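First the structure, in the form of C-alpha cells, and then the observations on it.
Read the figures in this text as sums done on the coordinates, not as results from a lab. All values derive from a computational prediction rather than experimental measurement. Virtual Cβ from ideal backbone geometry, glycine too; neighbours counted across all protein chains shown.
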Amino acid sequence: MKTFWCAVIILLSDGQCLWAGGSEPNDPNNPSKLLQVTSDKVVAVLQNGSLDKTAKTKTLDEIISPFFDFELMSKLSLGKANWTKLSESEQRKFVELFTKLLKNTYLELLTLYKDEKLLLRPAHPQKNGVTIQMDVVSGDKKLAIVYKLRQLQNRWLAYDVEVEGVSILMTYKSQFDDILKSGTVKDLFASLEKKSTK
C-alpha cells in the first residue's frame with residue numbers, strides 16, 4: 001500500500017504541470033483546472049523554506065482536505081454490504097479513522113517527490129462525474145494515474161485514484177474484507193488506528 005501511495009502523491013507534488021489536451025481550461029469550475037490549482041498550492045508550500053514541518057503539514061492538510069470526498073471514499077472502501085451492517089456511530093467512527101489514515105499517509109509521503117513532469121489530459125465525462133488521466137513522467141519512465149471526481153453542491157471532489165488501473169479504494173476494500181471475514185468491527189477499527197499511528 002505504501003508503494004501505491006508513493007505513486008499517487010506525485011500528482012500533487014509536481015511543479016511542472018503540462019496540458020496534453022490543448023489549451024489550458026480557464027473555468028474555475030472545471031475539474032482539470034481544480035487539479036492544477038491544487039497542485040500549484042501544494043508546490044508553493046513544499047518550496048516555502050520559511051515553514052517548518054509542522055506548519056507545512058497543517059497548511060497542506062488545509063489544501064488537500066477540500067479536494068477529497070472522504071465520506072464517500074470511506075463508504076466505497078468498506079463496500080455497501082459492510083457499510084450497512086455498521087450502526088450510525090460506527091459509520092461515523094469509520095469515516096473518522098479512514099480519513100485520518102488517508103491524510104496521514106498522504107501528508108507523510110507528499111514531501112518525498114519533486115521535479116517529476118505531469119501531463120494532464122482532458123477530463124472525460126462519466127455517468128457519475130468525470131475521470132482525468134495524468135501521465136507522470138520521470139526520466140524515461142511514465143506512470144498513468146486517473147483521478148475520479150464527482151460534483152457535489154457545485155464542487156468537484158475526488159473520490160478515488162487509480163494507478164496503472166489499480167484503484168486505491170478497491171485495494172483498501174480487499175484489506176477490510178479480509179479483516180471482517182475473520183474478525184469484528186472492533187478489529188477493523190484497531191487495524192485502522194494502528195496504521196494511522198505508524
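Look at Lys100, Lys127 and count the other Cβ atoms within 10 Å of each Cβ; fewest to most, that gives Lys127, Lys100. On the basis of the beta-carbon distance and an R0 of 41 Å, Lys58 and Thr171 show a calculated FRET efficiency of 0.90. Here the residues Met73, Met170, ranked from fewest to most Cβ neighbours within 10 Å of their Cβ, fall in the order Met170, Met73.
Between Glu88 and Thr197, residue separation times 0.36 nm minus the direct Cα-Cα distance comes to 36.8 nm. Given the options Thr197, Leu157, Leu120, identify the residue whose Cα lies farthest towards the positive end of the charge dipole of region 101-198 (+1 on Cβ of Lys, Arg; -1 on Cβ of Asp, Glu). Most positive-ward Cα: Leu157. Ordered by the count of other Cβ atoms within 10 Å of each Cβ, fewest first, Glu108, Glu162 give Glu108, Glu162.
Label positions at Ser138 and Gln47, each projected 7 Å from the Cα along the C-beta direction, are separated by 1.9 nm.
Per-residue extension of 0.36 nm, minus the Cα-Cα distance of Leu152 and Ser182, leaves a gain of 7.2 nm for this segment.
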